[in-house]
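Chemist: I'd like to ask you about the structure that follows.
The values are calculated or read from the model by the stated rules, or taken from the named source; none is laboratory data. Since the structure is predicted, the reported quantities are computational estimates derived from the model, not experimental observations. Heads up, the Cβs are rebuilt from the backbone with ideal geometry, glycines too, and the neighbour counts pull from every protein chain shown. Accessible surface areas use protein heavy atoms only, side chains included; no ligands, DNA or RNA. Shrake-Rupley method; radii C 1.70, N 1.55, O 1.52, S 1.80 Å.
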Amino acid sequence: MDFRKKPWLMAGSAFLLTAAIAGCGNGGDDAAEDNGDAGGDGETYEWRFVTEENQGQVQYEYAEEFAERLNEKSDGQINIDVYEFGGLGSEVDQVEQLQSGVVEFAIVSPGFTGTMVEEGQLFALQFLFPDDVAETQEVLETSEALNTHLAEKYEEHNIKPLSFWTEGAMQWTGSTQLRTPDDFQGFAMRTQESPLIMESYRQYGADPTAMSWSELYTGLQQGTVDGQENPIFFIEDAGFHEVQDHMTISNHNNYVAMTTVNPGFYNDLPEDIQAMIDETVEEMKEVGFELQDQMNEELLDAIIENEDYPTDVYELNEDEREQFRELAEPMRDYFRENGGEDAAEILDMLEEEIEEVTGEEA
Ligand code: 6CS
């Protein structure tokens with residue numbers, strides 16, 4: 001990757017480093033003073049943290065910062081190796097590695113666990129979360145439906161979500177312009193594995209295909225698929241705009257990621273080490289938000305200004321969004337009926353929580 005093109009890796013690292021130093025005054029020093037060392041018995045910890053993204057992309061930068069903070073807090077006793085996407089297999093392989101304890105930490109997109117934790121498919125419901133990304137982040141941080149009830153569903157499958165956070169609003173790219181539901185008729189849409197994501201696009205008239213993002217650039221280039229959805233930073237950094245002629249600012253959903261840990265591993269840790277992890281997860285909420293915010297904003301300009309790979313960027317107006325919203329709305333009942341035994345209860349509660357944050361009907 002070209003670091004000259006990615007200023008937040010310079011400016012951002014200064015921000016992150018300052019914040020890391022400020023943050024470590026609490027957990028790190030006190031824990032060391034109380035116990036003589038982190039963990040209380042001089043033990044050192046070597047852990048693995050796998051992400052679904054590469055260096056310079058939000059998940060990877062998040063995980064690196066997470067690792068650095070824990071290393072500082074523990075006075076060097078906690079060392080975490082962060083893995084880029086691909087080295088340990090597909091997104092689904094990575095989830096299995098977390099479940100079996102081959103890796104201790106993982107960032108998981110719920111879209112890749114849809115056939116296993118059915119209730120987690122609620123993140124596929126378009127036009128559910130607030131349009132405002134900061135409000136979505138507030139919902140993700142405060143929601144009992146997500147942080148208690150949905151988290152329990154993941155724990156039943158040996159995945160402990162420590163945090164739900166946004167990587168930004170999602171947009172569509174296409175080989176043709178996507179402006180109305182008519183434009184989706186017969187459109188070969190790449191999606192993640194979740195049956196609900198695929199059903200949502202069938203509702204628009206599209207023909208969805210599940211695919212790992214490792215195959216997506218070639219898939220778009222060769223026309224195996226016509227388009228895809230992702231936050232802007234990811235579209236630019238993965239180069240999808242190079243092999244697509246159109247991008248639609250649709251803001252039809254938010255990309256939600258989960259910071260997860262293997263529950264058996266976490267539960268066996270000494271309490272002071274668990275507290276350091278929890279504190280770091282808490283700090284990372286703001287850091288993750290800033291990372292995605294800056295990257296999404298700056299890389300939109302990069303796509304617009306790119307003369308080598310010109311992209312027609314079109315922003316849906318409210319009437320156009322309304323047509324998609326109307327088609328997406330019935331998917332909520334579809335989810336209530338097909339999204340697992342607790343789907344209806346979790347979604348009802350989440351809708352109320354969203355209304356509390358936005359002051360509007362969800
Ligand atoms: O589209 C995907 O599958 C990928 N998108 C993002 C923003 N992160 C990782 C994920 O696998």
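Chemist: Out of all the residues in the stretch 228-255, which are over 24 Å from G114 (Cβ atoms) and either under 14 Å from the mean Cα position of the chain (by Cα) or of a type outside the set (V, I, T) (or both)?
Modeler: E236, D237, G239, H241, E242, Q244, D245, H246, M247
Chemist: Here's something else I'd like to know. Out of everything in the stretch 181-208 that is in contact (Cβ under 8 Å) with a residue 24 or more places away in the chain and open to solvent by 40 Å² or more (accessible area, probe 1.4 Å), what residue ends up being nearest to the ligand (Cβ to nearest atom)?
Modeler: Per the criteria, the residue is E193.
Chemist: Now, a different point. Every residue in the stretch 93-128 that is of a type in the set (A, V, I, L, M, F, W, C), closer than 25 Å to R48 by Cα and in contact with a Ser or Thr (Cβ under 8 Å, 6 or more places away or on another chain), please.
Modeler: V95, L98, F105, A106, I107, V108, F112, listed by residue number.
Chemist: Looking at (1) more than 16 Å from the ligand (Cβ to nearest atom); (2) open to solvent by 20 Å² or more (accessible area, probe 1.4 Å), which is the one condition that is false for L88?
Modeler: Here L88 meets the rest and fails (1).
Chemist: Look through M258, M211 and report the one residue that is crowded, with 24+ Cβ neighbours inside 10 Å and either under 26 Å from E119 (Cβ atoms) or more than 10 Å from the ligand (Cβ to nearest atom) (or both).
Modeler: Answer to the check: M258.
Chemist: Another question, if that's okay. List the residue pairs whose Cβ atoms are under 7 Å apart, where the first residue sits in the stretch 45-57 and is free of Cβ contacts under 8 Å to residues at least 60 places away in the same chain and open to solvent by less than 20 Å² (accessible area, probe 1.4 Å), the second is of a type in the set (V, I, T) and within 13 Å of the ligand (Cβ to nearest atom), and the two are 6 or more positions apart or on different chains.
Modeler: T51/I107
Chemist: From A169, A106, which residue is touching an Asp or Glu at 6+ places or on another chain (Cβ under 9 Å), part of a strand (DSSP E or B) and surrounded by 24 or more Cβ atoms within 10 Å (Cβ to Cβ)? Walk me through it before giving the result.
Modeler: Values: A169 fails: surrounded by 24 or more Cβ atoms within 10 Å (Cβ to Cβ).
After ruling out the rest, the residue left standing is A106.
Chemist: With surrounded by fewer than 16 Cβ atoms within 10 Å (Cβ to Cβ), assigned to a helix (DSSP H, G or I) and not aromatic (F, W, Y) as the only criterion, which of I354, I304, I346, I277 stands out? If you could, list the steps in order and put the result at the bottom.
Modeler: Values: I354 fails: surrounded by fewer than 16 Cβ atoms within 10 Å (Cβ to Cβ); I346 fails: surrounded by fewer than 16 Cβ atoms within 10 Å (Cβ to Cβ); I277 fails: surrounded by fewer than 16 Cβ atoms within 10 Å (Cβ to Cβ).
Unique residue meeting the criteria: I304.
Chemist: Let me ask something else. How many residues does the stretch 191-207 contain that are under 19 Å from F127 (Cα atoms) and assigned to a strand (DSSP E or B)? Show your work before the answer.
Modeler: Restricting attention to the stretch 191-207, the residues satisfying the condition of being under 19 Å from F127 (Cα atoms) are 191-192, 194-206.
Subsequent filtering for residues that are assigned to a strand (DSSP E or B) retains 191.
Going through the stretch 191-207 one residue at a time, the tally reaches 1.
Chemist: In the set P208, P231, which member is touching a Ser or Thr at 6+ places or on another chain (Cβ under 7 Å) and either of a type outside the set (K, R) or under 23 Å from V256 (Cα atoms) (or both)?
Modeler: P208
Chemist: crowded, with 23+ Cβ neighbours inside 10 Å and within 15 Å of the ligand (Cβ to nearest atom): which single residue out of L98, L122 fits that description? Walk me through it before giving the result.
Modeler: Working: L122 fails: within 15 Å of the ligand (Cβ to nearest atom).
Sole residue among the options that is crowded, with 23+ Cβ neighbours inside 10 Å and within 15 Å of the ligand (Cβ to nearest atom): L98.
Chemist: Give the residues of the stretch 74-83 that are open to solvent by 30 Å² or more (accessible area, probe 1.4 Å) and either in a strand (DSSP E or B) or within 11 Å of the ligand (Cβ to nearest atom) (or both), sorted by residue number.
Modeler: Hits for the stretch 74-83 are N79, D81, Y83.
Chemist: Among the residues of the stretch 40-73 satisfying the criterion of being in a helix (DSSP H, G or I) and among the aliphatic types (A, V, I, L, M), which is nearest to the ligand (Cβ to nearest atom)?
Modeler: Only one residue tops the list, namely V58.
Chemist: Can you name the residue in the stretch 215-244 that is in contact with a strand residue (DSSP E or B) (Cβ under 6 Å, 6 or more places away or on another chain) and of a type in the set (D, E, K, R) and, of all such residues, is least open to solvent (accessible area, probe 1.4 Å)?
Modeler: Among those that are in contact with a strand residue (DSSP E or B) (Cβ under 6 Å, 6 or more places away or on another chain) and of a type in the set (D, E, K, R), it is E229.
Chemist: Now, a different point. Taking the conditions exactly as written (in a loop (DSSP other than H, G, I, E, B) and not charged (D, E, K, R)), does M116 satisfy them or not?
Modeler: Judged against the criteria, M116 is a match.
Chemist: Of everything in the stretch 214-232 that's assigned to a strand (DSSP E or B) and near the ligand (Cβ under 10 Å from one of its atoms), which residue is farthest from N254 (Cα to Cα)?
Modeler: The residue in question is Q228.
Chemist: Would you please list the contacts, defined by Cβ atoms under 8 Å and residues six or more apart or on different chains, that run from a residue in the stretch 333-358 that is under 18 Å from A151 (Cβ atoms) to a residue that is open to solvent by less than 80 Å² (accessible area, probe 1.4 Å) and aromatic (F, W, Y)?
Modeler: A343/F335; L347/F335; I354/F129
Chemist: May I ask you to list pairs of residues, at least six apart or on different chains, whose Cβ atoms are under 6 Å apart, with the first in the stretch 104-132 being modelled with pLDDT under 95 and the second being away from the ligand (no atom under 12 Å from the Cβ) and open to solvent by 10 Å² or more (accessible area, probe 1.4 Å)?
Modeler: Pairs that qualify, where the first residue is modelled with pLDDT under 95 and the partner is away from the ligand (no atom under 12 Å from the Cβ) and open to solvent by 10 Å² or more (accessible area, probe 1.4 Å), are G114/Q121; G114/P195.
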